[in-house]
1. From V60, V72, V111, V50, which residue is of a type in the set (A, V, I, L, M, F, W, C) and modelled with pLDDT under 95?
2. Looking at the structure I just gave you, is E32 charged (D, E, K, R) and either closer than 25 Å to E87 by Cβ or without any contact (Cβ under 8 Å) to a residue 40 or more places away in the chain (or both)?
3. From the list D48, D30, exactly one residue is charged (D, E, K, R) and touching a helix residue (DSSP H, G or I) at 6+ places or on another chain (Cβ under 7 Å). Which is it?
4. Can I9 be described as of a type in the set (V, I, T), loosely packed, with under 14 Cβ neighbours inside 10 Å and either over 27 Å from T117 (Cα atoms) or under 13 Å from the mean Cα position of the chain (by Cα) (or both)?
5. Assess whether A114 counts as being within 15 Å of the chain's Cα centre (by Cα), part of a strand (DSSP E or B), under 26 Å from P2 (Cβ atoms) and hydrophobic (A, V, I, L, M, F, W, C).
6. Which one is modelled with the highest pLDDT among residues in the stretch 92-108 that are part of a loop (DSSP other than H, G, I, E, B) and exposed (fewer than 14 other Cβ atoms within 10 Å of the Cβ)?
7. Just checking, which of A43, A73, A68 is touching an Asp or Glu at 6+ places or on another chain (Cβ under 8 Å) and on the phi < 0 side of the Ramachandran plot?
8. Restricting to the stretch 50-90, and then to whatever is surrounded by fewer than 19 Cβ atoms within 10 Å (Cβ to Cβ) and touching a residue at least 40 places away in the same chain (Cβ under 8 Å), can you tell me which residue is farthest from M25 (Cα to Cα)?
Amino acid sequence: MPSEVQRKIKNFLPPIASTSNPIDMTGGADYECYRNVLDTILAEDTIDSVICIFVSQGLVTAAQPARAVVEVADRYSKPVLAFWMGERSTREAVEILRRGRIPCYPSPSRVAMAASTIVSYSRLKKTLNQT
């Protein structure tokens, strides 16, 4: 994560949050936090894609961060993938993500595999375009 991006997103996060990769916004990250951090990250030229992970802890409803992800991702052409952990407590949020065309995977390994596939496809496409 570029240091300039870390500096920018630090303004939106609580002091205990981690701004390195992966960013840990803490369990209290709400709509505004997700919106501001994701917008800052996706605006960065050196970042090609984002995996958003939400872990339901009862501090914030899962739906509001999902709405922020859909809203911000719609403004960029970069892949945004999601994993919302919490089963019943995240059902509404997962539906919001899906309706917003954000792929939401049932496990961290599945979302990581999807991201890896996107990277592989992008590299293959670049190679084929060079020939």
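1. Testing whether each residue is of a type in the set (A, V, I, L, M, F, W, C) and modelled with pLDDT under 95 leaves just V60.
2. So E32 passes the test.
3. On inspection, the qualifying residue turns out to be D30.
4. no
5. no
6. Step by step, filter the stretch 92-108, then rank; the result is R101.
7. A68
8. Step by step, filter the stretch 50-90, then rank; the result is I51.
The values are calculated or read from the model by the stated rules, or taken from the named source; none is laboratory data. Predicted, not measured: the structure shown is a model, and the values here were computed from it. Glycine also receives a Cβ, built like all others from the backbone with ideal geometry; neighbour counts cover every protein chain displayed.
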